[in-house]
Amino acid sequence: MLSLFSLAHAMEMAAASSIRTSPRASFLTSSTLKCGPNFISKTSIPANLMEKGHKRASLFSIRSQQSEPKDGSVILPPTSDSEANAVTIKDWEIGRMQDEIVSSQGIRIRRRPPTGPPLHYVGPFEFRLQNEGNTPRNILEEIVWHKHTEVSKLKERRPLIALKRALENAPPVRDFIGALKASHLRTGVPALIAEVKKASPSRGVLREDFDPVQIAQAYEKGGAACLSVLTDEKYFQGSFENLEAIRNAGVKCPLLCKEFIIEAWQIYYARAKGADAILLIAAILPDLDIKYMSKICKMLGLTTLVEVHNEEEMDRVLGIDGIQLIGINNRDLESFKVDISNTKKLLDSEHRQAIHDRDIIVVGESGLFTPDDISYVQEAGVKAVLVGESIVKQSDPTKGIAGLFGKDISV
């Protein structure tokens with residue numbers, strides 16, 4: 001079964017081939033239109049797709065073709081390049097197919113803004129079209145849409161072939177799961193994945209005097225088994241440079257790249273920067289992508305932490321072979337509200353038995369501030385916790401860890 005990535009490539013090749021071998025394909029040839037967030041030429045849309053798009057798009061403004069856009073958008077000139085036409089159509093078709101797949105699995109987060117063939121045209125006038133739902137419905141969807149644009153630009157500067165060469169000089173991968181098990185066995189409490197985190201969309205800046213290397217070293221001194229490093233720049237003020245700096249500083253704790261992974265390219269990039277583990281979020285990735293990305297991680301020696309935040313996602317992830325590490329996020333990823341009882345709810349008797357039989361480690365995430373919170377999720381069945389805010393805000397993160405657990409867990 002093909003992943004969405006493989007499917008996208010296959011569709012692109014098929015579309016290009018189809019147009020090159022169909023000289024009688026009917027294309028409209030004048031004026032330009034704006035569909036969703038992108039201006040596209042009418043020469044890039046076949047007439048039959050124009051008609052199909054009529055039912056899905058709504059007209060919100062008409063402007064003369066000669067007028068300049070006031071919003072700073074770029075109007076692409078008409079093009080006769082058949083392969084460019086094919087790519088435009090392919091992008092729309094893949095987007096529709098992705099929507100259908102993720103919807104069937106209960107995923108409400110759309111991977112990118114919905115776009116499609118334009119509504120229709122009148123003479124020399126240009127139409128700006130607004131498809132229904134082109135505004136992000138929540139913060140997670142906004143982050144994912146931005147990440148799609150960000151990754152596209154990064155891939156242009158550093159193609160996958162260059163990243164694969166960079167892996168030759170990457171530091172060796174360390175055993176993330178082994179570190180968690182050893183810590184839990186040594187301390188008798190959930191192993192700590194301490195998060196190097198400067199800010200979040202819900203809390204703003206958590207620490208003004210933010211030095212990622214010093215914080216990482218303080219976490220390691222305090223008994224953290226592993227570290228999670230935020231690499232998203234726009235919403236969390238993190239960076240891959242932070243990840244690389246911590247690795248190069250000699251911190252021995254295995255490192256989780258805390259990123260919104262939507263493409264396989266990001267996995268290679270994280271590995272090249274020194275990551276030992278990758279986060280995959282079930283709320284934004286369909287099963288095929290989780291399987292595909294997990295195989296890439298295994299090939300590169302990386303650990304995969306698959307994050308869930310509701311029962312449907314838990315069922316989906318437990319249905320995937322080879323999963324070793326599941327994170328239960330107590331934060332609703334759409335509203336950002338936190339409820340630590342979510343961990344207990346998702347670790348009911350049926351799920352807990354399946355997790356035990358497959359020797360899966362469960363990580364409790366979000367809303368953990370006190371020793372009572374740690375005890376609560378431990379009793380529910382977690383063997384590790386991922387904590388950021390409650391310890392990164394402390395003047396001395398090392399002491400913050402002792403306060404979180406109610407005892408010193410350092411070596």
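A short reminder: the numbers here are calculations on the coordinates, not readings from a lab. What you are looking at is a predicted structure, and each value in this text was computed from that prediction instead of being measured. Ideal geometry is used to build each Cβ from the backbone, glycine not excepted, and the neighbour counts take in all protein chains shown.
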Q | Nonlocal amide H pairs with VAL363, under 5 Å, H built at 1.01 Å | A | ILE326, GLY327, ILE328
Q.
Under the rule of at least 5 residues apart or a separate chain, name every residue whose amide H is placed under 5 Å from the amide H of SER228.
A. ALA194, GLU195, VAL196, LEU256
Q | Listed peptides 226-237, 396-407 by packing density, highest first (mean Cβ within 10 Å) | A | 226-237, 396-407
Q: Read phi for every residue in region 265-274 and hand back ³J(HN,Hα) as whole Hz from Karplus 6.51 cos²θ - 1.76 cosθ + 1.60, θ = phi - 60°, with x for Gly and Pro.
A: 3, 5, 5, 4, 5, 5, 4, 5, 8, x
Q) Relative contact order for region 166-245 using alpha-carbon pairs under 8 Å, separation at least 6, rounded to a whole percent? A) 29
Q.
If I take every Cα pair under 8 Å that is 6 or more residues apart in region 156-405, average their sequence separation and divide by the length, what percent do I get for the relative contact order?
A. 21
Q: Based on the mean of other Cβ atoms within 10 Å per residue, sort peptides 331-339, 165-173, 260-268 so the most packed one is first.
A: 260-268, 331-339, 165-173
Q | Net charge over other residues, Cβ less than 11 angstrom from the Cβ of ASN138 (K, R count +1; D, E count -1) | A | -1
Q: Enumerate the calculated ³J(HN,Hα) couplings along region 218-235 in order (Karplus 6.51 cos²θ - 1.76 cosθ + 1.60, θ = phi - 60°), each rounded to whole Hz, writing x wherever the residue is Gly or Pro.
A: 5, 4, 4, 5, x, x, 5, 7, 9, 10, 10, 10, 5, 10, 6, 8, 5, 9
Q: Could you rank the peptides 187-193, 176-182 by their average count of other C-beta atoms within 10 Å per residue, with the highest value first?
A: 187-193, 176-182
(Q) What are the ³J(HN,Hα) couplings of region 355-361, residue after residue, when phi is run through the Karplus curve with 6.51, -1.76, 1.60 and θ = phi - 60°? Round to Hz, x for glycine and proline. (A) 5, 5, 4, 9, 6, 8, 8
